[in-house]
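One structure below.
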Amino acid sequence: MTQLWNAWLLRMDRQMDPRPLAMVRIALPLCVLADLARLAQLGLLSSVFTPYAHGGLSRIDNPNAILWDWFGPSGPWLGLGLTAACMVLVAIGRWMRPAIVVGVLAYAQLGHLYPPGDRAIDRMVRTALLILLFSHADKALVWGRTMVRRIPAWPAWFLRFFLVLVYLSAGMGKLLQQPGWVSLNADPPLLRILTDPMAASLDPAFWAPHAEWFRWAGFATIALELSSPLLLTRAYPYWAVFGLLMHLGIWATMSLGMFSAGMIALYPVLLAPFILRRWPQSRAE
């Protein structure tokens, strides 16, 4: 037990270059801002975050949202404004901690106002921001400056652990709910997913004769997700290369909102050894 405790303390005492976490601090809020900007571009902001009884899309007449209870129809706009302002502050590294607390709460309130739109990636982004709350991610890349050379590394390790849980649950969910992912005879689920006219861009008529390609790509997806515990080993940056390629492929072939961008926004902590090898510390100061 003493050895385990000492090993835990040793890991918690490790230090790292602050820039990979700072890149995550910048990228995550930009994803949220881009997502809200897309809603604004489509003219859906007022419709999405307003209950159906008041002319919106949500079928929940009494949303479990403090902003609606306290401010009524102006609550959604307050939530949008707070979310956007706090995401800007986090991205530029100013008042990061209070901005994360207020921003995550406002962001979650938007989810209560329209539960069908509160996707898994929204919850993942909020969780990742709360991890950054306990980091020193605001000590680098603030107006191009880096204030300290080393910061505690445990938040980056915790983000890696968080991603292990995400990928493992995705892989296990596929195996338990859709056995076709590992079948040599069933139609490849990946072919159906990537040719779904509601969310994908591949032409089913063209790709159907090449179903075996999707079968083996599905095997590779399962293998990648179930091997995600490698993120807790020294092999994590090499695993991350394949994970990055998977998310770029999803981004290129499917329309899933900010899912791919939100996932890739976490990858600086996984690709840190490669990034820092190309970006010596002296250039950041």
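Hey, does the stretch 149-158 have a residue that's surrounded by fewer than 17 Cβ atoms within 10 Å (Cβ to Cβ), assigned to a helix (DSSP H, G or I) and touching a residue at least 24 places away in the same chain (Cβ under 8 Å)? Show your work before the answer.
First, the residues of the stretch 149-158 that are surrounded by fewer than 17 Cβ atoms within 10 Å (Cβ to Cβ): 149-150, 158.
Okay, now just the ones that are also assigned to a helix (DSSP H, G or I), so 158.
Remaining after also requiring touching a residue at least 24 places away in the same chain (Cβ under 8 Å): 158.
Within the stretch 149-158, one or more residues are surrounded by fewer than 17 Cβ atoms within 10 Å (Cβ to Cβ), assigned to a helix (DSSP H, G or I) and touching a residue at least 24 places away in the same chain (Cβ under 8 Å).
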Checklist entry - Checking TRP251 against (1) under 27 Å from LEU39 (Cβ atoms); (2) in a helix (DSSP H, G or I); (3) in contact with a Leu (Cβ under 8 Å, 6 or more places away or on another chain), which test does it fail? => result (3)
Checklist entry - Has the stretch 114-135 got any residue that is in contact with a Leu (Cβ under 9 Å, 6 or more places away or on another chain), modelled with pLDDT of 95 or more and either of a type in the set (Asp, Glu) or more than 20 Å from MET263 (Cα to Cα) (or both)? => result yes
Next on the checklist: Any residue in the stretch 209-231 that is over 18 Å from GLY173 (Cα atoms) sitting within a Cβ distance under 9 Å of a residue that is of a type in the set (Val, Ile, Thr) and part of a helix (DSSP H, G or I)? List the pairs, counting only those 6 or more apart or interchain.
Outcome noted: PHE214/ILE193; LEU230/VAL164; LEU231/VAL164
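Being at pLDDT 95 or above and in contact with a strand residue (DSSP E or B) (Cβ under 8 Å, 6 or more places away or on another chain): is that true of LEU21 here?
For LEU21, the condition - at pLDDT 95 or above and in contact with a strand residue (DSSP E or B) (Cβ under 8 Å, 6 or more places away or on another chain) - is met.
Checking the structure you have, find out if any residue of the stretch 78-100 is β-branched (Val, Ile, Thr) and over 30 Å from LEU276 (Cα atoms).
yes
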Next on the checklist: I'd like the residue in the stretch 125-167 that is over 14 Å from the mean Cα position of the chain (by Cα) and of a type in the set (S, T, N, Q) and, out of all such residues, is nearest to ILE92 (Cα to Cα).
Outcome noted: THR146
Checklist entry - With LEU130, LEU163 as the choices, which residue is surrounded by 19 or more Cβ atoms within 10 Å (Cβ to Cβ) and within 29 Å of ALA240 (Cβ to Cβ)? => result LEU163
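Conditions (1) outside any helix (DSSP H, G or I); (2) surrounded by fewer than 17 Cβ atoms within 10 Å (Cβ to Cβ); (3) touching a Leu at 6+ places or on another chain (Cβ under 6 Å), marked per residue:
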| site | (1), (2), (3) |
| --- | --- |
| LEU175 | no, yes, no |
| TRP181 | no, no, no |
| LEU190 | no, no, no |
| ASP196 | yes, yes, no |
| ALA205 | no, yes, no |
| GLU212 | no, yes, no |
| ALA217 | no, yes, yes |
| PRO229 | no, yes, no |
Checklist entry - Filtering the stretch 239-264 down to residues that are of a type in the set (Ser, Thr, Tyr) and surrounded by 14 or more Cβ atoms within 10 Å (Cβ to Cβ), which residue is modelled with the lowest pLDDT? => result THR253
Checklist entry - In the stretch 185-207, which residues are in contact with a helix residue (DSSP H, G or I) (Cβ under 7 Å, 6 or more places away or on another chain) and not charged (D, E, K, R)? => result ALA186, PRO188, PRO189, LEU190, LEU191, LEU194, THR195, ALA200, SER201, LEU202, TRP207
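The values are calculated or read from the model by the stated rules, or taken from the named source; none is laboratory data. Note that the structure is a prediction, hence the values are computed from the model and not measured. Note: ideal-geometry Cβ built from the backbone for every residue, glycine included; neighbour counts use all protein chains shown.
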